[in-house]
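Please read the structure below before turning to the comments.
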Amino acid sequence: MTTIDLFTVSDAERERAVAHAKSAAAEAAMIPDIPADTPLRPIRQVAVIGAGTMGGGIAMALANIGIPVTLIDANPQGLERGIQRVKDNYDGSVSRGKLDPAERDRRLALITGSLQMADVKEADMVIEAVFEDMGLKQGIFRDLDTLAKPGAILATNTSGLDVDAIAAVTTRPQDVVGAHFFSPAHVMKLLEVVRAAKTAPDVIATLMDLGRRMGKVAVLARIYPGFIGNALFRNYTREAHFLVEDGALPHEVDAALKKFGYAMGIFAVHDMAGNDVGYQTRKAQMATRPTDRRWNDLILKLCYLGRFGQKSGKGWYRYEAGDRSPRRDHEVEQFIVEESARMGIERRPMTEDEIIKRCLYGMVNEGAKLLEQGIALRPGDIDISYLTGYGFPAHHGGPMYLADRIGLANVLADIRRFHAQDGFWWTPAPLLEKLVREGKSFADLQMTN
Ligand SMILES: NC(=O)c1ccc[n+]([C@@H]2O[C@H](COP(=O)([O-])OP(=O)(O)OC[C@H]3O[C@@H](n4cnc5c(N)ncnc54)[C@H](O)[C@@H]3O)[C@@H](O)[C@H]2O)c1
């Protein structure tokens, strides 16, 4: 058992967690080597490339604060669909009484569609949001290098591609930065600002400020697979999937996560998003991935079975027509049990405590690695990213804050136990070991910044 009750949080503790989040959000705006009075580049006009899910949402986030946007797509249908989605979103807000019709019209008038890349020429900032493909993005940045005006900020909304490799195809890498929005981009509060090797300080300062103006919490990250948020999320989902292979059923993992405070369990989330999200990348990685560690492929196998999630009426759960509530499905549970046997795993019952620890400590250990490599500046930046972008329960204050509350020595003892059981993925982060040796907590690192 952990030293604290992970499922019941007192009012006083809840207040402390919320206060921590508030100060973490304020501190995230401070970048040690970029003075607060750094002159910002003026952002009067923005171009967004790619009118898909993200491009449309980013255009709305900008129009919502009065910035004119040119929304550019290479494909006429893509552009039409994108503009229509923006209209539908604003209309939805009007019909829910959340937006005045005149304000909707004013915002819509700020968004102009275009099929011409050359229409970036007036933009003070260009935000690229085309498909997640390095060759495609590099091609766009080559064009931007010739078409964008001097001094324009060139941002990419990549979810995890190497921003240095994108910057390298331009003659102005100092102007290139990652602007990682979350979906839906006009709603989600997190903006990861990704600092590439040559990004100029005033580009960072300007994007951080723009994030704040859009009502978001901007968090600085360095280049790393998945930056801050998705790096933690990868560890969280991996453990959830291993738990299922090791003996838990999807509804048991989800029930523990909900009891911990998440609005939805991870398997219900997968079914909602579609189990085929990331399918191509996973398949491509299978051929070359290292063989010295355990991998989880159940989600791919569910896709082979046509279990894509809500959209196909079945995934980790089954769904009745017109109803999104997940229901246990004997068929998939049987499949999971057979898969464990096929992998030679002897299934065992999983306690709620083990479920939460494995999902949480995977993130904490990764968070410590991000800190020691300088990918994240402070533990609070990790907490606020996870609270605002990934639905981490507010009353727990973020994964690093909660780890401190549990006690890092306790966390490390469990990580060592998991490491002995499961190997590679649980290799303890040297920073975590160091903090425990010195009797310190993550909060001690926060203060040194
Ligand atoms: N969907 C998400 O949840 C999410 C979250 C964060 C980041 N991202 C990243 O944002 C980017 C866009 O993702 P999305 O989900 O909006 O994709 P999407 O498939 O919805 O839209 C991509 C759009 O780009 C357009 N496009 C393709 N090639 C183009 C070109 N050469 N010039 C102009 N337009 C072009 C397409 O026509 C399409 O409309 C990706 O890099 C993705 O990894 C996505």
query: Out of ASP73, ASP33, which single residue is buried (at least 22 other Cβ atoms within 10 Å of the Cβ), touching a residue at least 24 places away in the same chain (Cβ under 8 Å) and of a type outside the set (Phe, Trp, Tyr)?
result: ASP73
task: Return a yes/no flag: does segment 167-176 have any residue that is surrounded by 17 or more Cβ atoms within 10 Å (Cβ to Cβ) and either within 13 Å of the ligand (Cβ to nearest atom) or within 18 Å of ILE382 (Cβ to Cβ) (or both).
output: no
Segment 227-244 - residue that is touching a Phe, Trp or Tyr at 6+ places or on another chain (Cβ under 7 Å) and surrounded by fewer than 21 Cβ atoms within 10 Å (Cβ to Cβ) and, of those, farthest from MET343 (Cα to Cα): PHE233
query: Of all the residues that make up segment 245-267, how many are hydrophobic (A, V, I, L, M, F, W, C) and either surrounded by fewer than 24 Cβ atoms within 10 Å (Cβ to Cβ) or at positive phi (or both)?
result: 6
query: Restricting attention to segment 108-117, and to residues there that are closer than 28 Å to ASP202 by Cα and more than 10 Å from the ligand (Cβ to nearest atom), which single residue is surrounded by the most Cβ atoms within 10 Å (Cβ to Cβ)?
result: ILE111
- line: Subset of segment 54-81, residues within 7 Å of the ligand (Cβ to nearest atom) and in contact with a Ser or Thr (Cβ under 7 Å, 6 or more places away or on another chain), comes to MET54, ILE72
task: For segment 126-154, name all the residues that are under 23 Å from PRO76 (Cα atoms) and in contact with a Leu (Cβ under 8 Å, 6 or more places away or on another chain).
output: VAL126, GLU128, VAL130, GLU132, MET134, LYS137, PHE141, LEU144, ALA148
statement: Given (1) over 30 Å from PRO32 (Cβ atoms); (2) assigned to a helix (DSSP H, G or I), ASN230 misses just (1)
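Select, from GLY344, GLY315, GLY309, GLY278, the only residue that is open to solvent by 50 Å² or more (accessible area, probe 1.4 Å) and not acidic (Asp, Glu). Give the derivation first.
Numbers: GLY315 fails: open to solvent by 50 Å² or more (accessible area, probe 1.4 Å); GLY309 fails: open to solvent by 50 Å² or more (accessible area, probe 1.4 Å); GLY278 fails: open to solvent by 50 Å² or more (accessible area, probe 1.4 Å).
When all the criteria are applied, what remains is GLY344.
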task: Could you list, in sequence order, all residues of segment 132-158 that are surrounded by fewer than 16 Cβ atoms within 10 Å (Cβ to Cβ) and among the hydroxyl-bearing types (Ser, Thr, Tyr)?
output: THR146
message: Can you find a residue that is among the small types (Gly, Ala, Ser), farther than 21 Å from ASP383 by Cα and part of a helix (DSSP H, G or I) anywhere in segment 182-197?
response: no
Segment 118-131, subset of a type outside the set (Asp, Glu) and surrounded by fewer than 22 Cβ atoms within 10 Å (Cβ to Cβ), residue farthest from the ligand (Cβ to nearest atom): LYS121
field: Odd one out for VAL163, checked against (1) under 20 Å from GLN280 (Cβ atoms); (2) more than 11 Å from the ligand (Cβ to nearest atom); (3) not acidic (Asp, Glu)
entry: (1)
- prompt: Is there a residue being under 20 Å from ILE31 (Cβ atoms), among the aromatic types (Phe, Trp, Tyr) and buried (at least 24 other Cβ atoms within 10 Å of the Cβ) anywhere in segment 209-226?
  reply: no
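Scan segment 8-29 residue by residue and report those that are touching a residue at least 12 places away in the same chain (Cβ under 8 Å) and of a type in the set (A, V, I, L, M, F, W, C).
Let us first name the residues in segment 8-29 that are touching a residue at least 12 places away in the same chain (Cβ under 8 Å), namely 9, 13-14, 16-18, 20-21, 23-25, 27-29.
Selection gives VAL9, ALA17, VAL18, ALA21, ALA24, ALA25, ALA28, ALA29.
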message: If I ask for residues that are hydroxyl-bearing (Ser, Thr, Tyr) and more than 17 Å from ARG41 (Cα to Cα), which ones from segment 180-239 would you list?
response: SER183, TYR224, TYR236, THR237
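Each row is one residue, and each column tells you yes or no for (1) surrounded by 19 or more Cβ atoms within 10 Å (Cβ to Cβ); (2) out of contact with any helix residue (DSSP H, G or I) (no Cβ under 6 Å at 6 or more places or on another chain); (3) farther than 30 Å from LYS301 by Cα.
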{"site": "VAL337", "(1), (2), (3)": "no, yes, no"}
{"site": "GLU372", "(1), (2), (3)": "no, no, yes"}
{"site": "GLY380", "(1), (2), (3)": "yes, no, yes"}
{"site": "GLY407", "(1), (2), (3)": "no, yes, yes"}
{"site": "VAL411", "(1), (2), (3)": "yes, no, yes"}
{"site": "GLN421", "(1), (2), (3)": "no, yes, no"}
{"site": "ALA429", "(1), (2), (3)": "yes, no, yes"}
{"site": "GLU433", "(1), (2), (3)": "no, yes, yes"}
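Which count do you get for residues in segment 37-53 that are near the ligand (Cβ under 10 Å from one of its atoms) and buried (at least 24 other Cβ atoms within 10 Å of the Cβ)? Break it down into steps so the answer makes sense when it comes.
Residues of segment 37-53 near the ligand (Cβ under 10 Å from one of its atoms): 48-53.
The next check asks that each one be buried (at least 24 other Cβ atoms within 10 Å of the Cβ); those that pass are 48-51.
Residues flagged as near the ligand (Cβ under 10 Å from one of its atoms) and buried (at least 24 other Cβ atoms within 10 Å of the Cβ) within segment 37-53 amount to 4.
Any residue at all in segment 84-92 that's in contact (Cβ under 8 Å) with a residue 60 or more places away in the chain and within 16 Å of the ligand (Cβ to nearest atom)? Steps first, please.
Let us first name the residues in segment 84-92 that are in contact (Cβ under 8 Å) with a residue 60 or more places away in the chain, namely 89.
Now restrict to residues that are within 16 Å of the ligand (Cβ to nearest atom): 89.
Yes: one or more hits.
The values are calculated or read from the model by the stated rules, or taken from the named source; none is laboratory data. Everything numeric here is computed off the predicted structure, so don't read it as measured data. Because the Cβ atoms are built from the backbone with ideal geometry, glycine has one as well, and the counts that use them run over all protein chains shown. The accessibility values were calculated without ligands, DNA or RNA, using every heavy atom of the protein model including side chains. Shrake-Rupley method; radii C 1.70, N 1.55, O 1.52, S 1.80 Å.
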